[in-house]
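For reference, the structure discussed in these notes is given below.
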DNA sequence: CACGATTAAATCGTGCGCGATTTAATTTTT
DNA sequence: AAAAATTAAATCGCGCACGATTTAATCGTG
C-alpha cells in the first residue's frame, strides 16, 4: 500500500500563486462591487484608460486573454454603458472598443482601488516592486516554456 | 477631458499574480489532460494522497475553497472513479472523501508533474523557495485584511 | 426534553478562462 | 483575378469560483 504522500501543497509554487490570486479576489471584490465591475472587467478598463479605442486583440495581448473570453466580457461592459464596440472601418475583421463618457468617468470612482489593495498586502513599496518583478520574470519563463512545448 | 492614465497593468501586483496563474495553467494543462484531471482536481488529490478520508470541509480549508466549489468538483472525481463519497457515520452532516484503488494508483502517474512545472519556471530551488515564502506571507496578510473588513 | 442556533453539504445563478470550431474579412500565392 | 492561407471575432461547451440560499444534522441553552 502506498503510505501518506510527502508532497504537500505548500511546496507547490503554483498553489501559492493560485491561492494568493483568490485571496486578492476576496480583497477587491467589495471594491469592484461598489463600482459595478468584476476584476477582469476592471483590467480591461485599465487598458482602455491607458489607451482608448483599442481592438479586442490588442487588449487581449496585454491581458493574456483571447476573444473567447473577451468578447462576452466586453459585451457586458457595453451593456453596463462603459464602452461601445465598433467595427474598424479600415479592417472590418477588427472590433474597436471605445470608452463612453460613463466609462471615462468611472476612472475617478476606481481611483483608489490600487491603494486599497496595496494596503491590504501589508508590504512596503520595495517589497511589492521586488515581488512584482520576480513574478513578471517567472511569467515570462513560463510563457517561453509553453511556447516551446506547443 | 481626462488624458491617458498613468496606471499601467505592470504596476499592479494583483495582475502579476493573476497573469502568472494563467501562465502556470498553460504549462500544466497538457500534463493534467494526460492523466484526466484538471488543476483544482489535482489539488484535491494531493490533499487526499497526503491524508485519505478527509471531509469536504477539511479539504476546503487547505485549498481555501468551499462546498459550493468542491461538491461538484469531487462529484466529477467520483464519476472518474478516483474517489468515493460517504457520509460520516458519527456526524451525518459531513461527507468523507475516500480514495479508490484507481485514485491511489493515479499518484504514480502524477508523480513527475511537480518537477515538470518546476523546470518550466526557469528558477533554481532557492529562488522558488524564496518566492513561495513571500507569496504565502502575502496571502496571509490578504486574508487577515479580508477578515478585518468583513 | 425542546427549540433556537450553528454547522456541513448541496444547490443555484453568474462570470470568467479556455479548447475547439465557425464566420467573415483580408492577405498571399499562383 | 481566383484560390488558398491567414487573421480577427464570435460562438459553444465545460469546469471552476463564489455569493446567496436551502436542507439536514448536531449542538447548546433554558
Counting just the residues of the stretch B:76-87 that are closer than 29 Å to residue B:109 by Cβ and in contact with a strand residue (DSSP E or B) (Cβ under 8 Å, 6 or more places away or on another chain), which one comes out farthest from DNA strand C (Cβ to nearest atom)?
B:82
May I ask you to verify whether residue A:27 is within 11 Å of DNA strand D (Cβ to nearest atom) and either surrounded by fewer than 17 Cβ atoms within 10 Å (Cβ to Cβ) or within 30 Å of residue A:92 (Cα to Cα) (or both)?
no
I'd like to know if the stretch A:33-47 contains one or more residues that are touching a strand residue (DSSP E or B) at 6+ places or on another chain (Cβ under 6 Å) and part of a helix (DSSP H, G or I).
no
Matching residues, the stretch A:30-65, being in contact (Cβ under 8 Å) with a residue 40 or more places away in the chain, within 12 Å of the chain's Cα centre (by Cα) and within 13 Å of DNA strand D (Cβ to nearest atom)
A:44
Can residue B:29 be described as near DNA strand C (Cβ under 8 Å from one of its atoms) and outside any strand (DSSP E or B)?
yes
Here the residues within the stretch B:101-120 that are in a helix (DSSP H, G or I) and either within 23 Å of residue B:24 (Cβ to Cβ) or within 14 Å of DNA strand D (Cβ to nearest atom) (or both) are B:106, B:107, B:108, B:109, B:113, B:114, B:115, B:116, B:117, B:118, B:119, B:120
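Taking the stretch B:48-58 as the search range and keeping residues that are assigned to a helix (DSSP H, G or I) and in contact with a strand residue (DSSP E or B) (Cβ under 7 Å, 6 or more places away or on another chain), which one is farthest from DNA strand C (Cβ to nearest atom)?
Across the stretch B:48-58, the extreme among qualifying residues is B:48.
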Run down B:110, B:145 and say which single residue is more than 13 Å from residue B:44 (Cβ to Cβ) and surrounded by 18 or more Cβ atoms within 10 Å (Cβ to Cβ).
B:145
Considering only the stretch A:59-75, how many residues are surrounded by fewer than 16 Cβ atoms within 10 Å (Cβ to Cβ) and either away from chain B (no Cβ under 13 Å) or within 8 Å of DNA strand C (Cβ to nearest atom) (or both)?
7
Got a number for residues in the stretch A:66-100 being within 11 Å of DNA strand D (Cβ to nearest atom) and not in a strand (DSSP E or B)?
16
Qualifying residue in the stretch B:37-56 (condition: surrounded by fewer than 15 Cβ atoms within 10 Å (Cβ to Cβ), in contact with a helix residue (DSSP H, G or I) (Cβ under 9 Å, 6 or more places away or on another chain) and either over 25 Å from residue B:138 (Cα atoms) or more than 11 Å from every other protein chain (Cβ to nearest Cβ) (or both))
yes
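Every number in this text was worked out from the coordinates using simple rules, so none of it is lab data. This structure is a prediction, so every number in the text was calculated from the model and none was measured. Cβ atoms come from the backbone with ideal geometry, glycine included; neighbour counts cover every protein chain shown.
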